[in-house]
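Trainee: Following this message is one structure expressed as structure tokens.
The values are calculated or read from the model by the stated rules, or taken from the named source; none is laboratory data. The structure displayed is predicted, hence computed values, not measured ones. In this analysis, Cβ positions are derived from the backbone assuming ideal geometry, glycine residues included, and neighbour counts consider all displayed protein chains. These area figures cover heavy atoms from the full protein model, side chains too; ligands, DNA and RNA do not enter into them. Shrake-Rupley method; radii C 1.70, N 1.55, O 1.52, S 1.80 Å.
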Amino acid sequence: MASRAAADHLTAAGAKALAGIAADHLWLRPAGLLSGAAGATALAEGLAVPLAASGLAFPLAEILGRRPDGGVTTALVPVAQLRDWSKRGAAAERIAQQLERLAMPRPAWAGLALERPLLMGIVNVTPDSFSDGGEFMAADQAIRHGRALLDEGADILDVGGESTRPGAMPVPAEEEIRRIEPVVRALAAVGALVSIDTRHARVMAAALAAGARIINDVSALAGERESLALAARSGAPVVLMHMPGDPRTMQDNPSYTLASLDVLEYLAARVEACLAAGIPRERIVVDPGIGFGKRSAHNLDVIMRLALFHALGCGVLLGLSRKGLIGDVGGGLPPKERMPGSVAGALYGVSQGVQILRVHDVAATRQAIATWRAMAAGA
């Protein structure tokens, strides 16, 4: 009896969530994610929907809708009810599209299948990055570090020549190129799949010429007018990250109605800008930008709703490694002491179907993921 009452409540809540919200302001977050035998059973019985090709399934979805007054309505609904709603009503097409995007396998990105969590190892060729600034400033040090990360199992090496930590000052493009070019060239020469972490079009072009194959832009290709067109012409896969403002000002007074939905809507607009510029969805990965223009409460809301970002139909990247949030939760730990929290965050990301993890500690993260996946598969 209690179970039936709960189902009726969810039905009413779902109907209320749909009422009065324009279809293009309606989003679905996979919830109650299942793995292993439990997920397979729910799928076989039609009680769940697969989440991309992650091996996860979701029997519930949180509806998030932006009301005309700017506020947000949320409700938790069984996917079986969503399937019924998708056959009628003003929001029918939107619900069907969202369910389809959430379920569809993601195509290969940068030549890598998005069927298991990929590790993007961090190579900061900077004097002032928040965790390892100055440690790999010399090109030979950065190259050795990159090769060590490859040996530990990194799938991608993300090379950056400008710190984007809170309060960081901008670096001239010429200096950024001087820092990253020999490192990119050397790592590409040994077969590494290199990503260039930059918000400057000139640096993107120089890195691609030196052998980089991915553009990872904290400004989501909006920081400079030339960036979007350059990325489109290059054919390079891209990572679009959410960052309000710039590193100097982004932490001054960040404000959100609901951080997870606000960030999602921003990234949705940037995906549409890429599509209009000729960058197809299969070349796009999105990153919600943990620690960029967000207080701890904002970061936690984004992380809690990580699965929401799959609604964009792109791969999802999580960059949580050694971030300030982990220090805050851990009682003020400095960056070098945040590895356990970083691994815990990475595992949570995997449990939400995240396809790429940007990490400092490749070997520890890889071991933890292998253990988690083995356990999850047997559940």
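Trainee: Can you list the residues of the range 355-375 with backbone N under 16 Å from a point 7 Å past the Cα of LEU275, pointing along Cα to Cβ?
Mentor: none
Trainee: Which one, ALA37, ILE279, ILE326, is farthest towards the positive end of the dipole of the chain when Lys and Arg carry +1 and Asp and Glu -1 on their Cβ?
Mentor: Selected residue: ALA37.
Trainee: Can I ask one more? For the range 209-359, give the percent of accessible area contributed by carbon and sulfur heavy atoms, probe 1.4 Å, rounded to a whole number.
Mentor: Roughly 54 percent, rounded to a whole number.
Trainee: Here's a follow-up. With a Cα-only, solvent-free Debye model of the range 244-308, what are the log10 I(q)/I(0) values at q = 0.13, 0.22, 0.24 Å⁻¹?
Mentor: After summing over all Cα pairs, the log10 values are -0.39, -0.93, -1.03.
Trainee: Still on this structure, please answer the following. For ASP140 and VAL190, FRET efficiency with R0 = 22 Å and r from the beta-carbon atoms, rounded to 0.05?
Mentor: 0.95
Trainee: Check which residues have an amide H placed less than 5 Å from LEU240's amide H, if you skip close sequence neighbours.
Mentor: Distant-sequence amide H within range of LEU240: VAL285, VAL286, ASP287.
Trainee: How large is the accessible surface of LYS336 in square angstrom, using a 1.4 angstrom probe and rounding to the nearest 10?
Mentor: 110
Trainee: Convert each backbone phi in the range 347-360 into a coupling constant with the Karplus relation 6.51 cos²θ - 1.76 cosθ + 1.60 (shift: θ = phi - 60°), then list the ³J(HN,Hα) values in order as whole Hz, x for Gly and Pro.
Mentor: 5, 5, x, 4, 5, 9, x, 4, 8, 9, 10, 8, 9, 8
Trainee: If I model a spin label at ASP328 and MET375 as a point 7 Å from the Cα along the Cα→Cβ vector, what separation in nanometres do I get?
Mentor: 2.7
Trainee: Please list ASP246, ASP140 in order of solvent-accessible area, largest first, computed with a 1.4 Å probe with all protein chains present.
Mentor: ASP140, ASP246
Trainee: How much of the accessible area of the range 151-207, probe 1.4 Å, is carbon plus sulfur, in whole percent?
Mentor: 53
Trainee: Taking the dipole about the Cα centre of the range 104-258, with the C-beta of Lys and Arg at +1 and of Asp and Glu at -1, give me whichever of ALA142, GLY111, PRO172 is farthest to the positive side.
Mentor: GLY111
Trainee: Another question, then. Residues of the range 30-123: accessible area per residue at 1.4 Å, in Å²?
Mentor: Heavy-atom SASA per residue in the range 30-123 reads 41 Å².
Trainee: Still on this structure, please answer the following. Heavy-atom accessible area per residue, the range 255-379, 1.4 Å probe: how many Å²?
Mentor: 35
Trainee: Largest first, what is the accessible-area ranking of ARG185, ARG144 with a 1.4 Å probe?
Mentor: Of ARG185, ARG144, the descending order of accessible area is ARG144, ARG185.
Trainee: Put +1 on the Cβ of every Lys and Arg and -1 on every Asp and Glu Cβ in the chain; which of VAL362, PRO127, GLY345 then has its Cα farthest towards the positive end of the dipole?
Mentor: Of the options given, the answer is GLY345.
Trainee: Nearest 20 debye, what's the magnitude of the dipole of the chain about its Cα centre given +1 on Lys and Arg Cβ and -1 on Asp and Glu Cβ?
Mentor: Computed charge dipole of the chain: roughly 640 debye.
Trainee: Let me ask something additional. Could you order the peptides 277-287, 154-164 from most to least packed, using the average number of other C-beta atoms within 10 Å per residue?
Mentor: 154-164, 277-287
Trainee: Can you tell me the convex hull volume per residue for the range 284-379, based on C-alpha atoms, in Å³ to the nearest whole number?
Mentor: Expressed per residue, the convex hull around the Cα atoms of the range 284-379 is 105 Å³.
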